[in-house]
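The values are calculated or read from the model by the stated rules, or taken from the named source; none is laboratory data. If you're wondering where the values come from, they're calculated on a predicted model, not measured in any experiment. So basically every Cβ, Gly included, is an ideal-geometry build from the backbone, and we count neighbours across all protein chains shown.
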Amino acid sequence: MSSQYLKTQVMTASPEMLQLMLWDGAIRFAEQGKDAIVRKDIEGSYKALLRAQRIVMELNTSLRHNVNPELCGKMSALYNFMYRRLVEANVQKEVRLVDEALEIMRHQRETWSMLMSQLARDRAAEAGPTLEENAAATDAAEAIPAATASLADAPRANPVRLSGYPAVRPTPVRKPSFSVQV
């Protein structure tokens, strides 16, 4: 994925989508770290697990404790557990510790994905009446040309009176009084 594409994706994503992207990144880097441990690539495992650690820490620091302190306290404890597992895996080069963190990460990602789906359904249900109102307004707007066509067919001698407006007598179109000689 190119860096420009990723930058555009991040800049245009909703907060919910950004959270999901963070989970995807944390899982991807943890898996890369795990694979590097298996291959005995010490530097590769260090870098990948460090990136996963940073994402988990970012998720932890982005919790808004003022909104729901009890839930955020529980989430923070869970994030701290994942973070510690990733740090221990990085130090001990132990696949089992990465797997423990990955299990929770995948669960959190799936939970977040389900939450986003529910949020989309709720938003669609809220938008339903607005969509119906917009459809009615569109139908009314499409009826305007038919109404104006009947006005155009009205006799020119009779004034046209629209509700709330003064009578207007249509002005006949005059032909120019000059001619062009060749």
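Table: residues versus (1) modelled with pLDDT under 90; (2) closer than 23 Å to L20 by Cβ.
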{"site": "I37", "(1), (2)": "no, no"}
{"site": "Y46", "(1), (2)": "no, no"}
{"site": "L63", "(1), (2)": "no, yes"}
{"site": "E70", "(1), (2)": "no, no"}
{"site": "M116", "(1), (2)": "yes, yes"}
{"site": "E132", "(1), (2)": "yes, no"}
Fill in the blank from the handout: Given the conditions (1) polar (S, T, N, Q); (2) surrounded by fewer than 15 Cβ atoms within 10 Å (Cβ to Cβ); (3) under 20 Å from A13 (Cβ atoms), every one holds for Q108 apart from (2)
Exercise for the section: Go through the residues of region 39-47 one by one and say whether even a single one is in contact with a Lys or Arg (Cβ under 8 Å, 6 or more places away or on another chain) and assigned to a helix (DSSP H, G or I). Expected result: yes
Problem - Counted residues, region 1-23 - those being loosely packed, with under 15 Cβ neighbours inside 10 Å and at pLDDT 95 or above - result: 0
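Per-residue answers, yes or no, for (1) assigned to a helix (DSSP H, G or I); (2) small (G, A, S); (3) touching a Cys at 6+ places or on another chain (Cβ under 6 Å); (4) touching a residue at least 60 places away in the same chain (Cβ under 8 Å):
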position: R51; (1), (2), (3), (4): yes, no, no, no
position: L63; (1), (2), (3), (4): no, no, yes, no
position: V67; (1), (2), (3), (4): no, no, no, no
position: C72; (1), (2), (3), (4): yes, no, no, no
position: M75; (1), (2), (3), (4): yes, no, no, no
position: Y79; (1), (2), (3), (4): yes, no, no, no
position: Y83; (1), (2), (3), (4): yes, no, no, no
position: E88; (1), (2), (3), (4): yes, no, no, no
position: E100; (1), (2), (3), (4): yes, no, no, no
Problem - Filter pass, R54 being at pLDDT 95 or above, charged (D, E, K, R) and surrounded by fewer than 11 Cβ atoms within 10 Å (Cβ to Cβ) - result: no
Completion exercise
Cβ pairs under 6 Å, 6+ apart or interchain, first in region 11-33 and in contact (Cβ under 8 Å) with a residue 40 or more places away in the chain, second of a type in the set (D, E, K, R), ordered by first then second residue, are W23/R109
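Residues are listed down the side, and each one gets a yes or a no for (1) surrounded by 15 or more Cβ atoms within 10 Å (Cβ to Cβ); (2) within 23 Å of L119 (Cβ to Cβ):
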{"residue": "A26", "(1), (2)": "yes, yes"}
{"residue": "A30", "(1), (2)": "yes, no"}
{"residue": "D35", "(1), (2)": "yes, no"}
{"residue": "I42", "(1), (2)": "no, no"}
{"residue": "K47", "(1), (2)": "yes, no"}
{"residue": "L59", "(1), (2)": "yes, yes"}
{"residue": "S62", "(1), (2)": "no, yes"}
{"residue": "K93", "(1), (2)": "yes, no"}
{"residue": "L97", "(1), (2)": "yes, no"}
